[in-house]
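Worksheet: one structure, shown below.
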Amino acid sequence: MNNNIYQENILFHYKNPKNTEKLDEHTHASKIANYTCGDEIELELKIEDGIVTEIGHQTNGCAISIAGASILSEYIKGKTLKEIQKMGKEELLDLLGIELSPSRLKCALLGFEALKEAIK
Amino acid sequence: MKNIKKDFPIFKNNPGLVYLDNAASAQKPVPVIEAVTDFYGKYNANIHRGIHKLSELATTKYEDARQIVADFINAEPEEIIFTAGTTDSLNSLAIALEYSGLLRDNPTIITTKLEHHSNILPWTRIRNAQMKFLDITNHYQIALTETEGKNPGKQPDLISITHMSNVTGTITEPLTFFKKFPNAVKVLDAAQSVPHIKIDVKKLGADFIAFSGHKLYGPTGIGVLYGKKDLLAKLPPLKLGGGMIREVHTDPSKNQWAGIPEKHEAGTPQIAQAIGLAEAVKYIQRIGFKDIEKQEHDLQKYMFEKLKEIDEIELYHPELGFRAGAVFSFNIKGIHAHDTAQLLSDKQIAVRAGHHCTQILHRDVLKRQGSVRASFGLYNTREDADQLIKSVKDVIYKFNVK
């Protein structure tokens, strides 16, 4: 199986992850870890009038988890709270555009899990 | 040792596979696979004095397997208890010791920061266990002075150490530690060492030794607990049930157990797997430890030097003056272990990433969340080593760390 998951977009986001500054103030936050991998994320959101205006994440872990969180953070900026609540994993996985084995799936979805946790 | 891979069907079925995860589990040669299949196809039956022919044959093969394993480590057959593996051996031993009266109340138990969780956790569950962890030196050796725990001068009730680290490859000198604590119960975790160095139980000073079949080129689901005769006789049964009794009564105080080793093997054992394990032992003996140790030592030296040459690699392995097996854990600086392992896997190189069931070692000693581990077996060659080195350099290039 010659399936390269370390494609350009993944490596790009891994080396220069987006939205990694801590927010001055936030309305929602979460902190989760993936024990199989040792990946960790702290996520903060600012939701004003039902819209995501700011997002910041500090993700510590493998390239897939960092790229996943970075790509997700760009995607949800400007979206409404309702849209995020309805968002399913497949949306993010489509964005990543790679086929993941079950063990790496958890890495890719770390940011997504943190997001769901923050808006619970 | 030329072309050993041809004896292992896995390589024909996975062309191009560079299998370097032997510390996790080893591949199986044809005689082992055939032994298991033959048992099930030709003489499958339960053991233990079943009068019919198949049962007698199965019993003979099972007890022959015990003798073969005993001879392999220079023990008596009644000192060999078949278990489900190293973890099973250590868990059962810990529970039996708790009921044995061989440990005092609030027992002091010494282990090390190098240990696998299976040689730590079973001891922590002993009631009121006072755990002490021996430190690890900069050269990945177990330090002789205690650095943690209260009552530093107190003689321990039990000491359990590894014979060979599944992360750093460090091969320890058990006698050095066991001599220091003459009154303690002395346990040795030999899961990693048995497949790679000749074991003579009479020279190791251990009361109990545990190892696994699947790392020894044998089946999964089988392992061994070796114990000194007199201790096994004193120890309460590891497990209770059919086959380990002389008499059973409604008044439990009247129950009588069988002699050793039967006393410690309750229920229908892993018959097929024990027979498979014996074949694995015979396979190794046909090749001979002299050749195996020489080849693995050469590879260990070669790999160590090659890995040391790469600046971006942080290697957790002792210097060549220290005795070590061909197990190499490392990190490429700036790249997460999982990414390294993934990229190596994409090139058909099987390694493992994570903490390798040694969180204490990784957190307290290596101060890393995880590592990549490449571990060699008797079928691995210089070509495998070269492939690994080349691929590691490719990974470094791809992530532009260089």
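The values are calculated or read from the model by the stated rules, or taken from the named source; none is laboratory data. Since we're looking at a predicted model, the values are computed, not measured. Reconstructed Cβ throughout: ideal geometry from the backbone, glycine too, with neighbour counts over all protein chains shown. To get the accessible areas, we keep the full protein, side chains included, count just its heavy atoms, and leave off ligands, DNA and RNA. Shrake-Rupley method; radii C 1.70, N 1.55, O 1.52, S 1.80 Å.
Name the residues in the stretch B:266-292 that are within 16 Å of B:Thr59 (Cα to Cα) and in contact with a Leu (Cβ under 8 Å, 6 or more places away or on another chain), would you?
B:Ala266, B:Leu277
Return a yes/no flag: does the stretch A:78-101 have any residue that is of a type in the set (Ser, Thr, Tyr), in contact with a His (Cβ under 7 Å, 6 or more places away or on another chain) and more than 20 Å from B:His336 (Cα to Cα).
Within the stretch A:78-101 (the criterion being of a type in the set (Ser, Thr, Tyr), in contact with a His (Cβ under 7 Å, 6 or more places away or on another chain) and more than 20 Å from B:His336 (Cα to Cα)), the answer is no, since none of the residues qualifies.
Do you know which residues across the stretch B:367-390 are within 14 Å of chain A (Cβ to nearest Cβ), closer than 19 Å to B:Pro318 by Cβ and either surrounded by fewer than 22 Cβ atoms within 10 Å (Cβ to Cβ) or under 18 Å from the mean Cα position of the chain (by Cα) (or both)?
Result: B:Lys367, B:Arg368.
Give B:Lys393, B:Lys347 a once-over and let me know the one that is away from chain A (no Cβ under 12 Å) and closer than 23 Å to A:Ile10 by Cβ.
Going through B:Lys393, B:Lys347 in turn, just one is away from chain A (no Cβ under 12 Å) and closer than 23 Å to A:Ile10 by Cβ: B:Lys393.
Any residue at all in the stretch B:59-77 that's in a helix (DSSP H, G or I), over 19 Å from B:Gly223 (Cα atoms) and hydrophobic (A, V, I, L, M, F, W, C)?
So far as the stretch B:59-77 goes, no, none of its residues is in a helix (DSSP H, G or I), over 19 Å from B:Gly223 (Cα atoms) and hydrophobic (A, V, I, L, M, F, W, C).
Select from the stretch B:8-53 the residues that are assigned to a helix (DSSP H, G or I) and open to solvent by less than 40 Å² (accessible area, probe 1.4 Å) and list them in ascending order.
Within the stretch B:8-53, B:Pro9, B:Phe11, B:Pro31, B:Val32, B:Ala35, B:Val36, B:Phe39, B:Tyr43 meet the criteria.
Working only within the stretch B:323-340, note down all residues that are among the small types (Gly, Ala, Ser) and part of a strand (DSSP E or B).
Correct list: B:Ala324, B:Ser329.
Six or more apart or on different chains, Cβ atoms under 6 Å: show the pairs whose first residue is in the stretch A:105-118 and over 20 Å from A:Leu81 (Cβ atoms) and whose second is polar (S, T, N, Q).
Matching pairs, first to second residue: A:Lys106/A:Asn34; A:Cys107/A:Ser65; A:Leu110/A:Asn34; A:Leu110/A:Ser65.
Can you pull out the residues in the stretch B:176-197 that are under 10 Å from the mean Cα position of the chain (by Cα) and at pLDDT below 95?
Within the stretch B:176-197, no residue meets the criteria.
How many of the residues making up the stretch B:363-402 are touching a Phe, Trp or Tyr at 6+ places or on another chain (Cβ under 9 Å), under 26 Å from A:Ala33 (Cβ atoms) and either of a type in the set (A, V, I, L, M, F, W, C) or assigned to a helix (DSSP H, G or I) (or both)?
5
Does A:Tyr6 fit the bill of being part of a loop (DSSP other than H, G, I, E, B), free of Cβ contacts under 8 Å to residues at least 60 places away in the same chain and closer than 24 Å to B:His355 by Cβ?
On the way: part of a loop (DSSP other than H, G, I, E, B): yes; free of Cβ contacts under 8 Å to residues at least 60 places away in the same chain: yes; closer than 24 Å to B:His355 by Cβ: yes.
Spelling it out, A:Tyr6 is indeed part of a loop (DSSP other than H, G, I, E, B), free of Cβ contacts under 8 Å to residues at least 60 places away in the same chain and closer than 24 Å to B:His355 by Cβ.
Could you please let me know if B:Gln359 is within 14 Å of chain A (Cβ to nearest Cβ) and open to solvent by 30 Å² or more (accessible area, probe 1.4 Å)? Give the steps one after another, and end with the answer.
Numbers: within 14 Å of chain A (Cβ to nearest Cβ): yes; open to solvent by 30 Å² or more (accessible area, probe 1.4 Å): yes.
Yes.
Out of the residues in the stretch A:93-104 that are within 12 Å of chain B (Cβ to nearest Cβ) and not in a loop (DSSP other than H, G, I, E, B), state the one that is nearest to the chain's Cα centre (by Cα).
Across the stretch A:93-104, the extreme among qualifying residues is A:Arg104.
Output yes when any residue across the stretch A:23-35 is crowded, with 23+ Cβ neighbours inside 10 Å, at pLDDT 95 or above and under 12 Å from A:Gly111 (Cα atoms), and no when none is.
no
When you go through B:Leu320, B:Leu343 one by one, which is the residue that is touching a helix residue (DSSP H, G or I) at 6+ places or on another chain (Cβ under 7 Å), open to solvent by 10 Å² or more (accessible area, probe 1.4 Å) and in a helix (DSSP H, G or I)?
The unique qualifying residue is B:Leu343.
Check every one of the strands (runs of 3 or more DSSP E) wholly within the stretch A:18-92 and list those with 3 or more residues that are touching a residue at least 12 places away in the same chain (Cβ under 8 Å) and within 14 Å of chain B (Cβ to nearest Cβ).
Values: elements: A:28-34, A:39-48, A:51-60.
So the answer is A:39-48.
Which residue pairs have Cβ atoms closer than 6 Å, lie 6 or more positions apart in sequence or on different chains, and pair a first residue in the stretch B:234-245 that is closer than 11 Å to B:Ile260 by Cα with a second residue that is among the acidic types (Asp, Glu) and open to solvent by 30 Å² or more (accessible area, probe 1.4 Å)?
These pairs meet every condition: B:Met244/B:Glu262.
Which one of these is within 27 Å of the chain's Cα centre (by Cα), in contact (Cβ under 8 Å) with a residue 12 or more places away in the chain and over 25 Å from B:Ala326 (Cα atoms): B:Val36, B:Val30, B:Val18?
Of B:Val36, B:Val30, B:Val18, the one residue that is within 27 Å of the chain's Cα centre (by Cα), in contact (Cβ under 8 Å) with a residue 12 or more places away in the chain and over 25 Å from B:Ala326 (Cα atoms) is B:Val36.
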